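Presented below is the structure to which this report refers.
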Amino acid sequence: MYEIVNLADGKATAYEETEALTEREKAIRAAAYIDTDGSIYINKPVYILVCKMSTTTIELLEWLQREYGGSICPVRGKRKDGYNRKAYFEWRIAAKKAEPFLRAILPFLVIKKEQARCGLELRAHQGNHMRGVPYEVKAQKWEYYYRKMKALNA
């Protein structure tokens, strides 16, 4: 990943390598990105925890993918009202893979901290320790977290 750095004259810019960031600094940066341009939600009907971020430039998403996994896909720019918009890219990480990502950024989230906690609580109720629990009981708990997340994102 590269960061824009102003040169001495203040007119030109150059790119500087940012690979030397500590894990804490990476988590702070990722948390800021998710807080400002990302989403944390539960996808129904199978109650999958999803974290995603969209942008028109792919470099930031490539950094997230390199550091935390997930996938990137291009999205055609079409608005609901029929007008065209610029195509964009979407980074997405879900289910088990989203857990370590959310755990890393949770202490640094400001706006979406409660959504991250809710998602991690959902994942805690989807682990192997839930084997043997009737599906209806699990689904009821998952629905609780789905509704809680929906209210947090309203």
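Computed from the coordinates by the stated procedures, all read-outs in this text should not be read as laboratory data. Nothing here was measured: the structure is a model prediction, and the numbers come from that model. Neighbour counts run over all protein chains shown; Cβ positions are idealised from the backbone, glycine included.
See the values below:
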item: Restraint check, Lys26/Lys141; Lys52/Lys80; Lys113/Lys141, Cα-Cα greater than 28 Å; result: Lys26/Lys141
item: Computed E for Ala87/Val50 - FRET, C-beta separation, R0 25 angstrom, nearest 0.05; result: 0.75
item: Tensor-based shape of segment 102-154 (alpha-carbon gyration tensor, a/c under 1.5 rounded, otherwise prolate or oblate); result: oblate
item: Charge sum, other residues only, whose C-beta stays under 14 Å from Gln126's C-beta, Lys/Arg counted +1 and Asp/Glu -1; result: +4
